[in-house]
Amino acid sequence: MMKTVAVPENLTYLGVFLTFHCGYKCSYCITRHGVLRYQSELPTVAWIEGLNRLEISRDKMVPITLQGGEPSVHGGLIEIVRNLRNAFYIDVLTNLDFDVDRLMDAAPPERFQRDVPYASIRVSYHPGQSDVKELLAKVFRLQSFGYSVGVFAVDHPESDLSRVRELCKQLKIDFRTKEFLGWYKGRFYGTYRYPESVDGEQRRTVNCRTTELLIAPNGDLHRCHRDLYAGENPIGNILDDDLDIEFRFRECDRYGDCNPCDQKVKNDRFQEFGTCSVEIQGEEERESVKV
């Protein structure tokens, strides 16, 4: 049995990227910003063993968030949910393009419950990639059985979300939008704490710190999405015998090439707006919208 690993008390997010693969081909997918290197994927048993060794304070209500890519593309999603320790909170980010009865058989609604004001099973709607009625039928089925579930969509500049919004209203399904990030038709969208860190004209070295833990498909731990998608600068691996997790300032020479996900101003896990994943030493915080 592997030794347990204490996760620091100031953890704010734990994202487990079971895979980077997805059956959809959305042009606005955030993985298309910068370099995406597909990686080998840990088998199901290794994920279960590696995640179950983590010690996370329940008082902070930080879940293990299973995601991708599309997490169901990893054939072990259901078994991972079934076998994670009861001490964990679990969230799932998914397009729900699988048999939801398998998920319901694996875990009761209580397995996805926390006292926070948003859904634990967050279903992404992708216009042009999925049939909205089929998707909402699955969401409604989960909701009818007491699961904490909601629908999210990226507020792309040319997306018309009025139909899905109205259908969700009729079905009393929680529907929310996420800010579109990145370039579209010569304009750069997004609200950022350090605007020059994202798609800036100059690259330079800074010291930065995050309190998020992002785990790549191969089990490597990363401090930010840029490193995660590029497969660079891991700070450990979930299967390392001597794994030690520490949130501290580390040198980075990629300022100006940050992923928008890391630098955006967003809601925290209690849905309070104004948080940012990254703190940069010596940098002026200048929240702004680049358009």
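For the range 5-17, residues that are under 30 Å from E70 (Cβ atoms) and either in a strand (DSSP E or B) or without any contact (Cβ under 8 Å) to a residue 60 or more places away in the chain (or both) total 6. Just to be sure, is E212 in contact (Cβ under 8 Å) with a residue 60 or more places away in the chain, in contact with a Ser or Thr (Cβ under 8 Å, 6 or more places away or on another chain) and surrounded by fewer than 17 Cβ atoms within 10 Å (Cβ to Cβ)? The answer is no for E212. Within the range 219-232, being assigned to a loop (DSSP other than H, G, I, E, B) and crowded, with 17+ Cβ neighbours inside 10 Å holds for G219, R223, C224, G231.
Against the condition surrounded by fewer than 15 Cβ atoms within 10 Å (Cβ to Cβ) and more than 17 Å from K178 (Cα to Cα), how does D101 come out, does it pass?
Values: surrounded by fewer than 15 Cβ atoms within 10 Å (Cβ to Cβ): yes; more than 17 Å from K178 (Cα to Cα): yes.
When the stated conditions are applied, D101 passes them.
For the range 234-259, the candidate set comprises residues that are surrounded by 17 or more Cβ atoms within 10 Å (Cβ to Cβ), touching a helix residue (DSSP H, G or I) at 6+ places or on another chain (Cβ under 6 Å) and assigned to a loop (DSSP other than H, G, I, E, B); within that set, the residue that is modelled with the highest pLDDT is I238.
If the condition is being of a type in the set (F, W, Y) and under 16 Å from the mean Cα position of the chain (by Cα), then the range 74-100 contributes only Y89. In the range 179-209, of all residues being closer than 28 Å to E41 by Cα and surrounded by fewer than 21 Cβ atoms within 10 Å (Cβ to Cβ), the one that is modelled with the lowest pLDDT corresponds to G182. Looking at K185, K178, K169, just one residue is of a type in the set (K, R) and without any contact (Cβ under 8 Å) to a residue 24 or more places away in the chain, and that residue is K169. In the range 1-11, the residue that is surrounded by the most Cβ atoms within 10 Å (Cβ to Cβ) out of those that are out of contact with any strand residue (DSSP E or B) (no Cβ under 6 Å at 6 or more places or on another chain) and at pLDDT 80 or above is L11.
The condition (being in contact (Cβ under 8 Å) with a residue 60 or more places away in the chain, surrounded by fewer than 20 Cβ atoms within 10 Å (Cβ to Cβ) and in a loop (DSSP other than H, G, I, E, B)) is satisfied by just one residue among R85, R37: R37.
One residue stands out among those in the range 41-62 that are modelled with pLDDT of 95 or more and either over 16 Å from M2 (Cβ atoms) or in contact with a helix residue (DSSP H, G or I) (Cβ under 9 Å, 6 or more places away or on another chain) (or both): the one that is surrounded by the fewest Cβ atoms within 10 Å (Cβ to Cβ), which is V45.
Among the residues of the range 53-74, those that are over 15 Å from F20 (Cβ atoms) and part of a loop (DSSP other than H, G, I, E, B) comprise R53, I56, S57, M61, V62, P63.
The values are calculated or read from the model by the stated rules, or taken from the named source; none is laboratory data. Note that the structure is predicted; figures quoted are calculated from it, not measured. Virtual Cβ from ideal backbone geometry, glycine too; neighbours counted across all protein chains shown.
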